[in-house]
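A.B. asks: Following this message is one structure expressed as structure tokens.
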Amino acid sequence: MSDIAVPKGFRFKAVSAAIKKPGRLDVAVIFSDRPATAAAVFTTNKVKAAPVLDGIKKIRSGAARAIVVNSGNANACTGPRGLDDVKATAQAAAGVLGIKPSEVLVSSTGVIGLPLPMDRLVPGVKSAASALDGTLDDVARAIMTTDTFPKAASRTVKLGGKKVTISGVAKGSGMIAPNMATMLAFIVTDAAVETSLLSEALKNAVKYSFNRITVDGDRSTNDTAVLLANGAAGNAAIEAGTPDAAKFMKVVGEITYELSRMIAKDGEGATKLIEVCVKGAKNERDAELAAMAIANSPLVKTAVYGRDANWGRILCAAGYSGAALREDKIAVFINKVKIVSGGLATGKDAQAARAMEADEVNIVVDLGVGTAEARVLTCDLTEKYIKINAEYRT
């Protein structure tokens, strides 16, 4: 992965602190040289990691200047000590960066239930914060756990007559389900953006990207997506209801969707990216229900792995999803091959199976009752998924 565009006024550093294993980047700092507006979305899991609990409180201010993140240890289910460790992490970074601990957002990802090795984490944080000469690519690598490749995306656009850069990194491979997934995402921009619009932009983007990916139906304790905007591009602050606001929201959505595709493609043990599109639904909620049921079905996912155009499994999942449908109107396509029409086979299973040899498989289902649609990203389910998760802590 080559270096992605860097928004003005942001600096980065990733270091190795041997949080879980030595010899790999596992601590990173993202820093804005100037005050920045901030927005964040966190997991809806009732079991929340210590950094998530801390972040929920801090983000209420709508401002932050630094993000400190570690991989290898989730700092989840660690009790009062976990919260103390988050506080100590923020203090360590703030002391070096010359800012307040309240301006430091902390994130963690990795094994649940183990205390952080603070004797290694704090020196790592201080080392990273004191030498901000790295890249966003380094950050993308440092936040990886079972990921097989780093994930980053960037866009440069004109807003308010100024060149504005929006760049983001993410991690995620397993324990992926909506609201959100076991994923971290950090997006930074040098645009000036009004705080409420920044929050709206992130929530809208997450709704149609990170909240519509699923690898295994498990929702993590640590999910966090953060968006920082520091205004270094020099544009007038973008306000809601303006053409620039719509453009900004669109670009943020493009970045989160691109990152989501990478996460789904990198699902643990996956060999294929799957996009499920349900259309012809009564409403968007029904379309999402059906798409998510199909995407989460182990039978559908294993059929894709085996390049078996088993459309019966697809109809079955749509049928139990709770979405309204007309069986005599339903149609199914796999990579543009129509294998079901009016609820009946078209005799093109072999053609669809050949189409499934591609690295990406697109499943389209028309429920035949309306005009609404929704898309969900997932991946196939393989033997390797079992092996990865059976050995995760060893």
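Nothing in this text is a laboratory measurement; each read-out follows from the coordinates by a stated rule. Treat the numbers as computed from the prediction; the structure is a model and nothing was measured. Quick reminder, even Gly has a Cβ in these numbers, built from the backbone with ideal geometry, and neighbours come from all protein chains shown.
A.B. asks: Under unit Cβ charges (Lys, Arg +1; Asp, Glu -1), what dipole magnitude, rounded to 20 debye, does segment 273-390 have relative to its Cα centre? Please report the intermediate quantities before stating the final value.
C.D. replies: Values: 15 positive and 15 negative charges, 21 e Å.
In total the dipole reaches around 100 debye.
A.B. asks: Given contacts defined as C-alpha pairs under 8 Å and at least six residues apart, what's the relative contact order of the chain, whole-number percent? Walk me through the numbers on the way to the answer.
C.D. replies: Details: 1051 pairs, mean separation 64.1, N = 394.
For the chain, the relative contact order is 16 percent.
A.B. asks: Then there's this: Could you compute Rg(Cα) / (2.2 N^0.38 Å) for the chain, with N its residue count?
C.D. replies: Working it through for the chain, the quotient is 1.01.
A.B. asks: Additional query: For segment 273-390, what proportion of DSSP beta bridges, expressed in % and rounded to the nearest 5, is antiparallel?
C.D. replies: Values: 16 of 23 bridges.
Once the DSSP bridges in segment 273-390 are tallied, antiparallel ones form about 70 percent.
A.B. asks: May I ask you to list the lysines whose Cα is less than 16 Å away from that of K8, ignoring any residue fewer than eight positions away on the same chain?
C.D. replies: K158, K162, K163
A.B. asks: Report the calculated FRET efficiency for K100 and A5 (r = Cβ-Cβ distance, R0 = 35 Å), to the nearest 0.05.
C.D. replies: On the way: r = 29 Å, r/R0 = 0.83.
After rounding, the FRET efficiency stands at 0.75.
A.B. asks: How much FRET efficiency would the formula 1/(1 + (r/R0)^6) give for K336 and K21, where r is the Cβ-Cβ distance and R0 is 45 Å, rounded to 0.05? Walk me through the numbers on the way to the answer.
C.D. replies: Working: r = 44 Å, r/R0 = 0.98.
Step by step, r from the Cβ atoms, then E = 0.55.
A.B. asks: If you place +1 on the Cβ of every Lys and Arg, -1 on the Cβ of every Asp and Glu, and leave all else neutral, what size is the dipole of the chain about its Cα centre, to the nearest 20 Debye? Don't jump to the answer; show the numbers that get you there.
C.D. replies: Working: 50 positive and 40 negative charges, 85 e Å.
Using only the charged Cβ atoms, the result is roughly 400 debye.
A.B. asks: Full extension from L299 to K247: what is 0.36 nm times the residue separation minus their Cα-Cα distance, to one decimal in nm?
C.D. replies: On the way: separation 52, 0.36 × 52 = 18.72 nm, distance 3.96 nm.
Extra length from L299 to K247 when fully extended: 14.8 nm.
A.B. asks: Read phi for every residue in segment 365-378 and hand back ³J(HN,Hα) as whole Hz from Karplus 6.51 cos²θ - 1.76 cosθ + 1.60, θ = phi - 60°, with x for Gly and Pro.
C.D. replies: For segment 365-378, the Karplus curve yields 10, 9, 7, x, 10, x, 10, 6, 8, 7, 10, 10, 9, 8 Hz.
A.B. asks: PRE reach from R34 (point 7 Å along Cα→Cβ): which of segment 193-207 fall under 13 Å by backbone N?
C.D. replies: Within reach of a label on R34: 193.
A.B. asks: Still on this structure, I have one more. Taking N as the number of residues in segment 273-390, what value does Rg over Cα atoms divided by 2.2 N^0.38 Å take? Could you put the intermediate results ahead of the total?
C.D. replies: On the way: Rg = 13.5 Å, N = 118, 2.2 N^0.38 = 13.5 Å.
Computed over Cα atoms of segment 273-390, the ratio equals 1.00.
A.B. asks: Sorted by mean Cβ packing within 10 Å, highest first, what order do the peptides 135-145, 117-127 take?
C.D. replies: Values: 135-145: 23.9, 117-127: 18.8.
By packing density, highest mean first, the sequence is 135-145, 117-127.
A.B. asks: Okay, moving on. Give the lysines whose C-alpha is closer than 16 Å to that of K265, dropping any in the same chain fewer than 8 places away, or say none.
C.D. replies: Partners within reach: K151, K171, K301, K384.
A.B. asks: A follow-up question, please. Could you give the nm distance between label points at R326 and T371, where each point is 7 Å from its Cα heading toward the beta carbon?
C.D. replies: 1.6 nm
A.B. asks: With each label point set 7 Å from Cα along the Cα-Cβ vector, what nm distance links D133 and K203?
C.D. replies: Distance between label points: 4.3 nm.
A.B. asks: Same structure, new question: Excluding residues on the same chain fewer than 8 positions from K87, give the lysines whose Cα lies under 22 Å from its Cα.
C.D. replies: Cα-Cα hits under 22 Å: K13, K20, K46, K48, K57, K58, K100, K126.
A.B. asks: Of the trypsin sites (Lys or Arg not before Pro) in segment 200-299, which ones lie in a loop per DSSP and count no more than 16 other C-beta atoms within 10 Å?
C.D. replies: Values: sites: K203, K207, R212, R219, K247, K250, R261, K265, K272, K279, K282, R285; in loops: R219, K272, K282.
Listed in order of number, the matching sites are K282.
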